[in-house]
Every structure is written in structure tokens, then in C-alpha cells.
1. Being more than 24 Å from residue 423 (Cβ to Cβ), in contact with a helix residue (DSSP H, G or I) (Cβ under 6 Å, 6 or more places away or on another chain) and among the hydrophobic types (A, V, I, L, M, F, W, C) is the filter here; which residues of the stretch 359-409 pass it?
2. Taking helices (runs of 4 or more DSSP H) that do not extend beyond the stretch 317-405, which have at least 1 residues that are small (Gly, Ala, Ser) and within 13 Å of the ligand (Cβ to nearest atom)?
3. In the stretch 223-252, what residues are closer than 24 Å to residue 282 by Cα and of a type in the set (S, T, N, Q)?
4. When both residues are 6+ apart or on different chains and their Cβ atoms are under 8 Å apart, which pairs have a first residue that lies in the stretch 257-280 and is at pLDDT 95 or above, and a second that is within 12 Å of the ligand (Cβ to nearest atom) and hydroxyl-bearing (Ser, Thr, Tyr)?
5. Counting only residues that are surrounded by 14 or more Cβ atoms within 10 Å (Cβ to Cβ) and under 19 Å from residue 242 (Cα atoms), which one in the stretch 291-301 is nearest to the ligand (Cβ to nearest atom)?
6. Would the stretch 347-365 turn up any residue that is of a type in the set (D, E, K, R) and free of Cβ contacts under 8 Å to residues at least 12 places away in the same chain?
Amino acid sequence: MLTARGIGLIGRSSSGRLPLASRVLVFQTLRYSSKTPFPLSSKEIEEQRRIEKLPKWQQWGHYFKSEKFKKSMTVYYVAGFGAMCIAFYYYMRDRYYEDKQISHVRKKYQADPKSLSEYEYLMLKSIGSDKLRPKEEKKYRIYQMMRKEFRRKHIMDKDIMFEPSPEELDEWYSKQPRISIKKAPVLDEPIDEKSSANKFTNAENPHIVPAEDTTDFYEAKAQAYDDEIKWEERGMFLGKRRRWLMKQLKGDVLEVACGTGRNIPYLYTDRISSITFIDSARNMVEIARKKFKEAYPNFKKAAFAVGKAEDLVKLAGDDSKAIKYDTIVEAFGLCAHEDPVKALKNMASLLKPGGRIVLLEHGRSTWQFVNNHLDFRSEKRMKTWACRWNLEIGELVDEAGLDITYEKRVHLGSTWMLICKRPEDPINSDEKPFINKLMGTEPQSISRG
Ligand SMILES: C[S@@+](CC[C@H](N)C(=O)[O-])C[C@H]1O[C@@H](n2cnc3c(N)ncnc32)[C@H](O)[C@@H]1O
């Protein structure tokens, strides 16, 4: 077919203009060779050329504003709606199977709690009022991944139940690609057995530097500590978190690893009966003492002690005469302890019945890219701040055998705000799940007997 340019080459007059007959021919040829009934006008061609010269992103902008795009949107809407329907169908199908399985497990539980497998127990616990412990939560997440694959494979078998054993889960998990830690957590082992410490990720993470006694570091750092840390803390708006921490205090209070007393400005003395500050570095305690006296000169029930969190039980006296506390609080201390699990266990044994341990700590994040950074800089952090900032705090609490009644994570999940209790203590009315508060019922615990 002739093109406009081809025609332009024939029959041009000396003045450069086409004779009328040729112009009619060009017009007709353009009209028939064009996809639209009328060819582009010279203005439109100019506009097109102008757009072609623009950077790619501006060309896309013009495209999105054009009529052509608006017309094609119908196709995109229909395709998007179709994709959403498919996703919705898969989601609802998954919910349907899960519901079926839940009622199957509930029946099993009513008949004989001991008959529940580990997965079934975790499933019931997760939908009930009990909070899964950090280790349990991780394991349950792995079971859920396995369940999704199981459902894909048994797409047509409506009645088949997902009933994996821990061994099957282990085998499946170890075969998954791109998982650096191949062992799924082991739940049923006694928590305080030394061997269990080697089975979870803090021990398996090669980027966590070995624990050490950081007392000498903080003795030397004490004078400069506040000046050096304040900008990091201001940047993270940590004041707000410290205020939350101190709002939780009541009765007789012990602050472990008090440092230079950075929590003191947020203390509500009218809510507490007494407060004891302890830290392994004497120089840090001295600064805290001065700060406290300046801030609350009339509050006389304050004590200051030098000692390690790992020796708390010894320091508090033997069991019959031991001093006990309503609230034990610690901020950014677990990262600096030689044995954070022992420190937490000690705190638990110094609690009065119904007492709480309130923690504000930094550790592993919920985001992998943050964890990569924490791991990468872990040695540097240890050198500059004597702090192991990539510890999985939930695991430490779990290993210490404590229950978590409140958990909030901020700063991309790397700052942990936790309230913990001993398993034998009941939960308070304000800690009950919303549904129990609403119905005035007691939360039911799931137990395999
Ligand atoms: C990062 S500073 C935190 C200080 C303070 N809690 C705050 O929020 O600013 C860690 C503190 O833990 C103290 N510490 C380290 N190991 C300890 C231990 N085993 N027992 C008690 N305190 C310890 C250090 O002396 C230091 O004051």
C-alpha cells in the first residue's frame, strides 16, 4: 500500500506544493491506509512527535490521561474484578476447610483432650482466649504454611483433614527453600533444661555476639552515657515509650538495670509504695540516685543498690524473708546481661502473687531487612554500647517460663513493650480478651491434660 511519504515523493511541483489531483490522492490514500476513518491531523502528528521526545515517565503520564487509555480501562476493570473474584474464592475455600477442621478438632477435644495432636492443640489455643507463647506462635505459623500446601495438593478432597505429626512438619520444613534456620521449634521439652536453649534461634543465630559481663563498660561510660544516648532516644521518641513503662508501676517496685535513671522523669510516685533501683555498675546507680533526689526530694521510700540481675535472688535474701515486689521493671537491660534468661527467672521469683514484670526492650524486628541490619552491625553495637541488639526477646521470655499478658512492638517491631506474669498467676480483669469482658465470662484455657 502507498504511504503518505511515498506519495509525497511523486508528482511534487517546483514550488514544493502538490498539485490538487495529487493532494486528493494523498488524502484518499491516507484515509484508506489509516486504522481510523480519518487520519491524524498535522496538529496531532506534531503533538505525537512532541510526546515521543519526552522522557519515558512523562510519556506514560500522557498515556494515562489519553482517551485511548480511558477506553481500555473497561478491560482492566473487568480483568481486575475477575482476579479479585478468584482470590476471594481461594480465600473463602481456605476458610471453609479451616472451619471444618476446627469443628472436627473441637469435637475431638470434648471427647478426650489428650487425643489432640500438637497442631490441633496450637490451633485451638490460637482461636481461644489463651495467647500463644512466642515459640508456639512460630511453630503454628509453620504448620499453617504446611496446611496451605496440603490444601493445594488435595484440592478436590473436601473431607480429608490436615493432621500432621511434629516429625512430618520437621521433614517438610527442612525441605523448604530459602529458609536459613531449618529446624522448627520444639515445644514439649521442659523450658528450663539447658539443652533446650540450643534448639531455638537466639542460640542458632551466628550473628548474635557471645554474652559478656558488661559492668566495667558501663562503669566507664556512666558520666558520658546520658549525653551520648540522648540523640538516639529523641530520634526514636523513646520518651513516649518510657512513659508507658512507668505508667504500669504500682505497689512495691524494683527497677532492674536502672542505669543513670532515664525512666525517673516519667515516674508517678503517687501510684507506688516504694521503689528500689539496682544496676551492676556503681557509677550508673550514683547518677540515678542524684537524679531521683532532685526530682522527688520528699519521696523517702527509695533505695539504691549495686548488683547483678543474675544474683537478684541471692541479694533479696532466702525464701522465707525474701523481699518481694508488685512490679519489676526493666528498660533496655536484657541486651546487656550476661544471662538474660536467668535474670528474668530471678525477677519472676521475686514477684508477689499477682505481680507483673514490665519490659521495654530492643531486639529482633518483625522485618527481615531490619534484622539484616541488626545482624550486620551486631559486633559494632557490642563495641560501642555493650549491647546485643539482635536478640529475640520473645524467646528469652519464653525460656524463662513467663506468660505474656500484653505485647506491643514499635519501631518496625524492634522495640518490645511487654507485660509478663508467672504462669500460676491468674490474669487481671483488664487483661481479659474483649469478648470475655463483653460477655462477663472467664477465658477458658486449652490444655492437653
Ligand atoms: C543500655 S543500659 C540501660 C540503662 C537504663 N535501663 C536505661 O533505660 O537507660 C544497660 C544497663 O544495664 C546494666 N547491666 C548490665 N548487665 C547487668 C546485670 N547483669 N545486672 C544488672 N545490671 C546490668 C548496665 O550497667 C547498664 O546500666
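1. Matches in the stretch 359-409: 386, 387, 389.
2. On the way: elements: 340-349, 368-376, 378-385, 393-399.
Where helices (runs of 4 or more DSSP H) fall fully within the stretch 317-405 and carry at least 1 residues being small (Gly, Ala, Ser) and within 13 Å of the ligand (Cβ to nearest atom), they are 340-349.
3. Correct list: 223 only.
4. 257/280; 259/218; 259/225; 260/225; 279/218; 280/214; 280/215; 280/218
5. Per the stated criteria, the residue is 291.
6. Checked against the condition, which is being of a type in the set (D, E, K, R) and free of Cβ contacts under 8 Å to residues at least 12 places away in the same chain, the stretch 347-365 yields no hits at all.
Every residue, every condition in (1) charged (D, E, K, R); (2) at pLDDT 75 or above; (3) on the phi > 0 side of the Ramachandran plot, yes or no:
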| residue | (1), (2), (3) |
| --- | --- |
| 152 | yes, yes, no |
| 160 | no, yes, no |
| 167 | yes, yes, no |
| 186 | no, no, no |
| 197 | no, no, no |
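To keep it simple, each residue is scored yes or no on (1) crowded, with 20+ Cβ neighbours inside 10 Å; (2) of a type in the set (Phe, Trp, Tyr); (3) in the same structural domain as residue 122 (by TED's automatic domain parsing); (4) closer than 30 Å to residue 221 by Cα.
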site: 351; (1), (2), (3), (4): yes, no, no, no
site: 358; (1), (2), (3), (4): yes, no, no, yes
site: 375; (1), (2), (3), (4): no, no, no, yes
site: 388; (1), (2), (3), (4): yes, no, no, yes
site: 409; (1), (2), (3), (4): no, no, no, yes
site: 425; (1), (2), (3), (4): no, no, no, no
site: 439; (1), (2), (3), (4): no, no, no, no
site: 445; (1), (2), (3), (4): no, no, no, no
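The values are calculated or read from the model by the stated rules, or taken from the named source; none is laboratory data. What you are looking at is a predicted structure, and each value in this text was computed from that prediction instead of being measured. Note that each Cβ is placed from the backbone with ideal geometry, even for glycine, and that neighbours are counted across all protein chains shown.
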